[in-house]
1. Restricting attention to helices (runs of 4 or more DSSP H) lying wholly within region 203-269, give those where 2 or more residues are closer than 22 Å to C289 by Cα and either in contact with a Lys or Arg (Cβ under 7 Å, 6 or more places away or on another chain) or β-branched (V, I, T) (or both).
2. Take the conditions more than 20 Å from F219 (Cβ to Cβ), part of a helix (DSSP H, G or I) and of a type in the set (A, V, I, L, M, F, W, C) and apply them to A183. Does it pass?
3. Does K224 fit the bill of being closer than 18 Å to W321 by Cβ, modelled with pLDDT of 95 or more and either assigned by TED's automatic domain parsing to the domain that holds I283 or not acidic (D, E) (or both)?
4. Let me spell it out: the conditions are (1) more than 30 Å from F180 (Cα to Cα); (2) within 32 Å of the chain's Cα centre (by Cα); (3) modelled with pLDDT under 70, and R106 meets all of them except one. Which number is the exception?
5. Keeping to region 280-339, report how many residues are more than 23 Å from the chain's Cα centre (by Cα) and surrounded by 18 or more Cβ atoms within 10 Å (Cβ to Cβ).
6. Inside region 191-243, can you point out the residues that are acidic (D, E) and either touching a Phe, Trp or Tyr at 6+ places or on another chain (Cβ under 9 Å) or crowded, with 17+ Cβ neighbours inside 10 Å (or both)?
7. Surrounded by fewer than 16 Cβ atoms within 10 Å (Cβ to Cβ), among the acidic types (D, E), farther than 30 Å from G187 by Cα and modelled with pLDDT of 80 or more - does that describe any residue in region 131-151?
8. From (1) free of Cβ contacts under 8 Å to residues at least 12 places away in the same chain; (2) in a loop (DSSP other than H, G, I, E, B), pick out the condition that doesn't hold for E277.
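The values are calculated or read from the model by the stated rules, or taken from the named source; none is laboratory data. Everything quoted here is computed from the prediction, not taken from an experiment. Ideal geometry is used to build each Cβ from the backbone, glycine not excepted, and the neighbour counts take in all protein chains shown.
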Amino acid sequence: MPLEKDNIYEFGFGRSDSVSKNVNLLDEAVFSFIYGGLFKVLKSLELSSILDLEIVFRLYINFLKGLSFYDIQYFTQSPERTLWRRLKYLEEKNIIKKLKNQKDKRTNRFLLSKNSYQTLSNSIPKEDLAITISKISMSYADKLWMFNVRDPNKVRKTLLNLARSAVSLNENNYLCQFSFALAYYYGGNFDLTLNHSYNSIKLNNKFAHGRRLFGSALFQIDEKKRAYSEMNKALNLYDDIYGQWRTYFELWRFNFLDENLKESQKYSKKLLQLQPEYPQSYIAYLTSCNKNDSSIKAKKEKLFNLLAHFAPGMIKNFHSWMRDDQSKKVIESLKFHFS
């Protein structure tokens, strides 16, 4: 299967509809397990971002069918001599092998060896691997949050599988517990969200994300007084703008759903002030603004610049933690501007 270089962000990291059902593709949790080992072996690549994680993820899957030197160089962006050295190292470690009887070494294809699974899975401590898996899991949640996936249901399933895998490897890590709580939150299971987010807080009481998620889940089961309290605690723990913005979004949501219109409008303005380049800021503003607000047209245009395909109904599909009554209220308010 040729590498489709323009689809890095497509769900599945290398899968396509044309892949035969008979192809032996492991599930995402196992891919992430293998990936952890590959990350260790290829540490000289200095991977640092979620995009880097996805590139290596995709590389691994395509290695099952074979990759040319050119394909590998495209994704790693490594200098030619450096990449040959790394590929030779992987051959020596019996992780990859070259196809025989190919004349041009640059188009020669590399495949994973039979023992690659065992070699890679043993190359990194389970505790560290669990944290890696939990971070990949959280990247799926971010894609849902940013309306950046084709099939929200598949992504939620993958999110849960990865988070479960992380916790099974290291249940005493606050990030692993948080990723599991987040997966349940997106699936609408608020009791288990509370359980695992509370575990995350117990393991690290300064972990603001865990505190924020705990407060969000409390609100969903109508423990509103404590939900507001936990959200304010989370706000005090954050020292970065993005974390504060995410917390203010929840405070906006709480107040809008509780029909505290003035407070929700105050928080929506705060969201625009902190993060004017995120679509959620404009969604919040348009949801709670006065109907005769003179800036509505400009805010709507900015939202479409950031998220060209946005429609009010997307709220329920992507922000699936909202109960039906909550999403209906937000959607009905937004429809006033999108009819």
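1. On the way: elements: 208-220, 224-237, 241-257.
Answer list for region 203-269: 241-257.
2. No: the conditions fail for A183.
3. Working: closer than 18 Å to W321 by Cβ: yes; modelled with pLDDT of 95 or more: yes; either assigned by TED's automatic domain parsing to the domain that holds I283 or not acidic (D, E) (or both): yes.
It is true that K224 is closer than 18 Å to W321 by Cβ, modelled with pLDDT of 95 or more and either assigned by TED's automatic domain parsing to the domain that holds I283 or not acidic (D, E) (or both).
4. Just one mismatch for R106, condition (2).
5. Total meeting the criteria: 11.
6. D191, E230
7. No, the conditions are met nowhere in region 131-151.
8. All conditions pass for E277, except number (1).
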